[in-house]
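Here is the structure we will look at.
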Amino acid sequence: MSTETVAQIMTLKSMSLVELQKKYAEVFDGNKAPSNNKIYLWRKIAYRIQEIDYGVLAEGAQDKLAEFIQKYDPINNKALRPDNTEPPEPGKKLKRDKRLPIPGTIITKEYKGIKIQIKILEAGFEYNNKTYKSLSAIAKETTGAHWTGYLFFGL
């Protein structure tokens, strides 16, 4: 990446929300900013600046990339995750949460110098050779404070 592009992107970080909204309109052909979130706008504008400088990914390359994700990426591959949009049958539990990676995936997080490794199971989670029903329980055991498990582990 050229130093000019990097400098332009880094300048965005110090801009106010109003300035980012104006910059968004500038790089997106007058379109109004879709959000009031500074980080979101910074990322969208930075990506667009790179597209302008280096060009967009060719459609064939985008299709091939989507094909590879579909075939080889078990973490983000929604096809491997069950669809839990339908309500469960009476007397049965909801299916696995779609935010979770597929079973067998290891989630690693470092917290206060301690490396935490969680293994995703079909029904629950394994941590320190113990099985837990929720990520929140693991986060609470590790930190001593209540955390939403998805937030603590960045899911």
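Here, each number is a calculation from the coordinates, and none is a lab measurement. In this text, all values refer to a predicted model and were calculated from it rather than measured experimentally. With ideal geometry, Cβ positions are generated from the backbone for all residues, glycine too; neighbour counts draw on all protein chains shown.
Taking each residue as 0.36 nm, the span from ASN36 to ILE52 lengthens on full extension beyond its C-alpha to C-alpha distance by 3.5 nm.
In terms of packing, defined here as the mean over residues of other Cβ atoms within 10 angstrom, the peptides 17-28, 144-155 line up highest first as 17-28, 144-155. Here's the picture: a label point sits 7 Å out from the Cα of MET10 along the beta-carbon direction, and within the range 41-69 the residues with their amide nitrogen under 16 Å of it are 46. Checking the Cα-Cα distances for LYS22/LYS44; LYS119/LYS140; LYS115/LYS140; LYS38/LYS71; LYS112/LYS140 against a 23 Å cut-off, the pairs over it are LYS38/LYS71.
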